[in-house]
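The values are calculated or read from the model by the stated rules, or taken from the named source; none is laboratory data. This is a predicted model, so every value here is computed, not measured. Every residue, glycine as well, gets a Cβ built from its backbone with ideal geometry; the counts of neighbours run over all protein chains shown. These area figures cover heavy atoms from the full protein model, side chains too; ligands, DNA and RNA do not enter into them. Shrake-Rupley method; radii C 1.70, N 1.55, O 1.52, S 1.80 Å.
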Amino acid sequence: MSSETPPREPADTPFGVRLQAAMAEHGPLCAGIDPHRGLVESWGLPYDLSGLERFTMTCVEAFGGAAAAVKPQSAFFEVFGAKGVAVLERALEGLREAGTLTVLDVKRGDIGTTVDAYGEAFLGKDAPAAADAITLSPYLGYGSLRPAIDLAHATGRGVLVLALTSNPEGAQVQHARLADGRSVAGAIADDAAADNAAARERGELGSIGLVVGATVGSAVADLGVDLPTMGGPILAPGLGAQGATADDVRRVFAGALPQVLASSSRDVLRAGPDVAALRARAREVATQVAAITGA
């Protein structure tokens, strides 16, 4: 990690380029903002709109300018209705003002005009809840995400597509084989590689990434998921509270370690509610991940 703070890339620079610079500056950590009931109450806050707001803005203050990226989980805001979504929008705006990249965890997936609307909601130039990248679910077919992917490229934003998740139920779909023998997860990686081809030719990190759990064991190798050729960022949940070790990360992401952006929520958030303690824990985890990935 660099000890100096370079100026942030302009907003029309591709997301992958901006993320690569942020990872070099701060370390490869995506700090989560997950205001679920247990965490909010563990901070001594009420689980209501006031507690949501206090929790969220404390995280914004702690992580803004201190992490490569920050990932709010949209569901924990949506549960409070329109006023909760307004808090989410404030968080995204605050992180943007701090020069920190945001990955909004919404896991949207649909077809036609609907996925187009989802894209405009989060990736469009006038998006009310604008994020630098969003998570998407490809299980109506990777091609169904095309409107959002094309919009992300047009606006300098990114998407992170679910490929190999660590929940046991995921294997039922993600490990399945297509008629050509490829796994579903492998095919998704191949499609993302095609969308990142131009960035790879320029020697850049692509803006179309995957979500791959650090706890998936040998699945990447067993299923033929070509992460290095995919060429985009790999959002990797599982470190810390979910139990993935340094050896797990090296084994799962062998050959693609420079692309890994480790996602940590509970492990970092347990350091709250003190802002300085949260910031220190985020930096500590980022340093640990950088040592694992060689960033």
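Quick rundown of the values:
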| item | result |
| --- | --- |
| Cβ-placed point charges (K, R +1; D, E -1), dipole of the chain about Cα centre in debye, nearest 20 | 360 |
| 195, 247, 105, ranked by accessible area, largest first (probe 1.4 Å) | 247, 195, 105 |
| For residue 295, net neighbour charge (Lys/Arg +1, Asp/Glu -1) across residues whose Cβ lies under 14 Å away | +1 |
| Residues whose placed amide H lies under 5 Å from that of residue 261, excluding near-sequence neighbours | 234, 235, 236 |
| Rounded FRET efficiency, nearest 0.05, which uses the C-beta distance separating residue 251 from residue 150 and R0 of 35 Å | 0.50 |
| Computed E for residue 221/residue 93 - FRET, C-beta separation, R0 45 angstrom, nearest 0.05 | 0.60 |
| Kirkwood hydrodynamic radius of the range 42-113, from inverse mean 1/r over distinct Cα pairs, in Å | 12.9 |
| Dimensionless Rg over Rh [the chain; C-alpha; Kirkwood] | 0.94 |
| Amide H contacts of residue 33 (H built 1.01 Å from N, under 5 Å, at least 5 apart or other chain) | 71, 73 |
| Distance (nanometres) between label positions extended 7 Å along Cα→Cβ at residue 291 and residue 179 | 5.1 |
| Angle between the chain longest axis and helix 49-63 axis [Cα atoms, degrees, rounded to 10] | 70 |
| In order through the range 208-217: 3J(HN,Hα) via Karplus (6.51 cos²θ - 1.76 cosθ + 1.60), integer Hz, x for Gly, Pro | 9, x, 10, 9, 9, x, 6, 10, 8, x |
| Hull shadow area, averaged, the range 177-275 [alpha-carbon convex hull, nm²] | 7.4 |
| Degrees between helix 15-26 axis and first principal axis of the chain (Cα, 0 to 90, nearest 10) | 50 |
| Length gained when the stretch residue 86-residue 198 is fully extended (0.36 nm per residue, less Cα-Cα span) | 36.7 nm |
| Rg/Rh ratio calculated on Cα atoms of the range 23-68 (Kirkwood radius) | 1.07 |
| Accessible area of residue 169 in the full protein assembly, 1.4 Å probe (Å², nearest 10) | 120 |
